[in-house]
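Engineer: My questions will all concern the structure given below.
The values are calculated or read from the model by the stated rules, or taken from the named source; none is laboratory data. Bear in mind that the values here come from a model prediction, so they are computed numbers and not experimental data. A quick note on method: Cβ atoms are made from the backbone with ideal geometry, for glycine too, and the neighbour counts reach across all protein chains shown.
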Amino acid sequence: MTCHHCGAAIGEPGAFCTYCGARVVKDVSTRLDTATNPARFDLAQNSPGYRLAARHQPHAPVAVKLFVPAVMLVLSIAFLIASARLLADNHVSLAFKLIFLTAPTLMIVSAIVLIIRGERFARAPVAHEIVVVVDERLEVRGAVERPQTSYYATVQRRGGERVEYQTYGWLAGRISPSDIGVAYLKGDQLVDFVRLDVR
């Protein structure tokens, strides 16, 4: 079997490709041709579930995106204030002071960037539209002991445009390629998805 995303040969197919992290789906091209048929979008919009889904208010974790960088910013500033006496000491070399200041300065800059992104995410409205899920992938970063996993879903709109959105692990586990439903989009993230029962 071959991964439809990266082309790698997969001996024992699992949920995700061991090389690129894309979801492994058998006969994906045939299924997606049928799943993305424009008539299916019309059926979805006229289905009873669509009216309920259109009124659904998804929960987007805005507070987390602002709280964590805010704590990081406060701790970094507190660290600089607490070490002011050491930095003012004339017996400490300039090279040591510069090295000592680098870490908290980088943390402050990173925290400010994250706060700006979080604030933009908080202000972004939640839009909803009917889409078909056409692909999923995950990206693992960081050390082996504490890896950080990011989840992505590619959806196709009625007009054929395909867009990839970052999403959450719990949501990635609920959707799969060829699912049609209402996607709730906030900024560049897929924050929820309500599947519609359309054949």
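Engineer: Among the listed residues GLU136, GLU119, GLU129, which satisfies the condition of being within 13 Å of the chain's Cα centre (by Cα) and of a type in the set (Asp, Glu)?
Structural biologist: GLU136
Engineer: Residues PRO147, PRO125: which one is exposed (fewer than 11 other Cβ atoms within 10 Å of the Cβ) and either polar (S, T, N, Q) or more than 30 Å from CYS17 (Cβ to Cβ) (or both)?
Structural biologist: Of the residues listed, the single one that is exposed (fewer than 11 other Cβ atoms within 10 Å of the Cβ) and either polar (S, T, N, Q) or more than 30 Å from CYS17 (Cβ to Cβ) (or both) is PRO125.
Engineer: Let me ask you something else. Between ILE108, ILE116, which is at pLDDT 85 or above and surrounded by 15 or more Cβ atoms within 10 Å (Cβ to Cβ)?
Structural biologist: ILE108
Engineer: Quick one: would you say GLY159 is surrounded by fewer than 18 Cβ atoms within 10 Å (Cβ to Cβ) and under 20 Å from GLN57 (Cα atoms)?
Structural biologist: No; evaluated as a whole, the condition is false for this residue.
Engineer: Among the listed residues LEU73, LEU98, LEU66, LEU114, identify the single one that is outside the structural domain of ALA183 (by TED's automatic domain parsing) and either more than 28 Å from GLY187 (Cα to Cα) or without any contact (Cβ under 8 Å) to a residue 12 or more places away in the chain (or both). Before the answer, list the steps.
Structural biologist: Working: LEU73 fails: either more than 28 Å from GLY187 (Cα to Cα) or without any contact (Cβ under 8 Å) to a residue 12 or more places away in the chain (or both); LEU66 fails: either more than 28 Å from GLY187 (Cα to Cα) or without any contact (Cβ under 8 Å) to a residue 12 or more places away in the chain (or both); LEU114 fails: either more than 28 Å from GLY187 (Cα to Cα) or without any contact (Cβ under 8 Å) to a residue 12 or more places away in the chain (or both).
Answer to the check: LEU98.
Engineer: Could I ask something else about it? Which one of these does THR149 not meet: (1) in contact with a Leu (Cβ under 6 Å, 6 or more places away or on another chain); (2) assigned to a strand (DSSP E or B); (3) closer than 19 Å to PRO38 by Cα?
Structural biologist: (3)
Engineer: Can you tell which of LEU86, LEU114 is within 21 Å of ALA60 (Cβ to Cβ) and among the aliphatic types (A, V, I, L, M)? Reasoning before the result, please.
Structural biologist: Numbers: LEU86 fails: within 21 Å of ALA60 (Cβ to Cβ).
Only one candidate passes the filter, namely LEU114.
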